[in-house]
1. So if we plug the beta-carbon distance of Gln452 and Asn504 into 1/(1 + (r/R0)^6) with R0 = 25 Å, what FRET efficiency do we get, rounded to 0.05?
2. Multiply the residue separation of Lys137 and Arg233 by 0.36 nm, subtract the distance between their alpha-carbon atoms, and state the gained length in nm to one decimal.
3. Taking the beta-carbon count within 10 Å as an exposure proxy, list Ser234, Ser340, Ser277 from fewest neighbours to most.
4. Report the label-to-label distance for Thr217 and Asn180 in nanometres (one decimal), using points 7 Å from each Cα along the Cα→Cβ vector.
5. I'd like the FRET efficiency for Asp58 and Lys104, computed as 1/(1 + (r/R0)^6) with the beta carbon distance as r and R0 of 30 Å, rounded to 0.05.
6. So for the chain: antiparallel DSSP bridges make up what percent, rounded to the nearest 5?
7. How much length would be gained if the chain were fully extended between Thr401 and Thr311, taking 0.36 nm per residue of separation minus their Cα-Cα distance, in nm to one decimal?
8. Ranked by Cβ crowding within 10 angstrom, fewest neighbours first, how are Ser74, Ser421, Ser467 ordered?
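Nothing in this text is a laboratory measurement; each read-out follows from the coordinates by a stated rule. Here the structure is a predicted model, which means the values were calculated and not measured. Reconstructed Cβ throughout: ideal geometry from the backbone, glycine too, with neighbour counts over all protein chains shown.
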Amino acid sequence: MSDTTPRGEDTTHISRRRFMAGTGSIVGLGIAASALPQGTAGAAVRAAAAAAAGPIGDGAHVPVLVIGTGYGGSVAALRMAQAGINVEMVEMGMAWDTPGSDGKIFCNTTSPDERSYWLRTKTKQPLSNFLGFPIDKTIPKHTGVLDAEEFGGIIVYQGRGVGGGSLVNGGMAVTPKRENFGAILPTVNADEMYNTYYPRANAGLGVGLIDPNWFDTVDCYQFARVGRKQAQRSNFPFVFVPDVYDWDYMKQEAAGTVPKSAVAGEILYGNNYGKKSLQKTYIAQAKGTGRVNISPLHRVASVTPSGSSYTVVIEQLNTSGDVTATKTVLADKVFFAAGSVGTSKLLVKLKATGKLPGLNGEIGQGWGDNGNVMCGRANHLWDPTGKVQASIPCGGIDNWTAGGAFAEVAPLPTGIETYASFYLSITKNPNRAQFSWDGSKVNLNWQTAWKQPSIDMAKTIFDKINSKEGTIYRTDLFGTYKIWGDHLTYHPLGGAVLNKATDNYGRLAGYRNLYAIDGSLIPGNTSVNPFVTITALAERNIEKIIATDF
Ligand code: FAE
């Protein structure tokens, strides 16, 4: 059994009942299941059939429909497919598998074009200013890869496309310290997570660590070495942080022997080469089973019971974001994996509009921003951070226990020397928000002032470093004379919290065969970057669901 095969699952011998369930979508596409051979050759045929299948058809009846192709959705799809179940995945964003006219799939952070933002006519950069001047620029409206979704008091950044957040994130793959786990997911058995599911998630994601000797010498991590030196001079531990970037590839980038990606500053709008996004890991494996079909530019609008199945209404989009077709399909099981915000928005709307009235009162509750807050510090002229900065962070400052903050030493890949150190802090912010339906849309009641605890916690690190170094905060990155990036989060969590809106395995209360399996399950904070925990929890939950619900 490989590291990534769920324990207890025999992937070579599937039950007849499971096989029959698993053939539904192929039957729905008009291909006789009995015509498909089994075994290795059969897998190849099934893969070809799935590849040829195209987007989900109007009127299809499928055994399993997964909404969203981020971490939770990809884990669920792979494990069900390995258990012999056919899976349809529906993704509102693009496939991101075709190069543009420049030969690249994704555009660079320094030159955002139509590929950068989800349906915006102007970029919405997390760092909105430089030297106080606004840096956002006009772009054509397009179904780009990064969504800056604006609610009243917060902008929530999310990935859009096959691979979800893995397309745009920094790849920092952090397993929380075990001592903090009880506060993250209080009803989950920590032994099981740390012995089985975190290791399985790390293996499935391809997590690795930077070579510390290389780190010490290479130009593109000078910014991080400055961060380490200053942290240590103020007696804070600097820790190397694992990542899903292919570190061998990055070494070659730095040496100039392969096309540059991280070293060229690619990150927020996608990474063309070295990052092991879900497209290269879980999704590639899932597609390889031949049992997973993905429909990009398809957005789920509604899910409602229909006999023992669910009627799912799906809107097909063009790259301008217009609805070009509406499809109605029947699904026996539906997994909500649209991300914390996407899943919460769907469930809150479906409950309020009478489509899923039996969902409980916890739907939309318990949402947090993982305590995200950003800031920059101005270094002395004798402490340059480097013209060339790898876009992939590799280290952080840990003051969680004493000060409630874990700060990524983040790059500012501008291509010029900025003398700035830049940080994204994850803090123990206790505030939680809720989503609600106002009759026409879903709102989130987060208030910008709720970031104050995060600022106070981040200051436990940076006030001390500034005082020790004789330096000051940058005031030019988030506006004019504004120190804190307190207007955003990269880490939305909650909205369908485990063991509250669902049972202890993500089965939504009030309905059979409806599940949440993404960041919406996690109550607002993971103490570190969240995707390893989202992945590990999905591994745990889907194993139980496959064993008991099929
Ligand atoms: P997610 O990955 O967001 O996937 C949900 C998918 O569902 C998306 O592809 C959506 O387009 C799709 N979707 C939504 N609504 C619908 C609908 N109605 N119909 C069809 N499809 C839909 O969910 N985390 C880390 O651990 N380390 C990092 O270094 C890190 N850096 C980040 C940097 C940035 C700029 C951003 C934005 C995030 C970062 N994150 C990082 C957060 C991480 O990407 C995020 O927690 C996960 O992606 C969440 O995984 P989910 O499976 O919950």
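1. Rounded to the nearest 0.05, the efficiency is 0.15.
2. Contour length minus the Cα-Cα distance gives 30.6 nm.
3. Arranged by neighbour count, lowest to highest, Ser234, Ser340, Ser277 become Ser234, Ser277, Ser340.
4. 3.3
5. Step by step, r from the Cβ atoms, then E = 0.30.
6. Roughly 75 percent of the DSSP beta bridges within the chain come out antiparallel.
7. 27.7 nm
8. Listed from fewest to most nearby Cβ atoms, that is Ser467, Ser421, Ser74.
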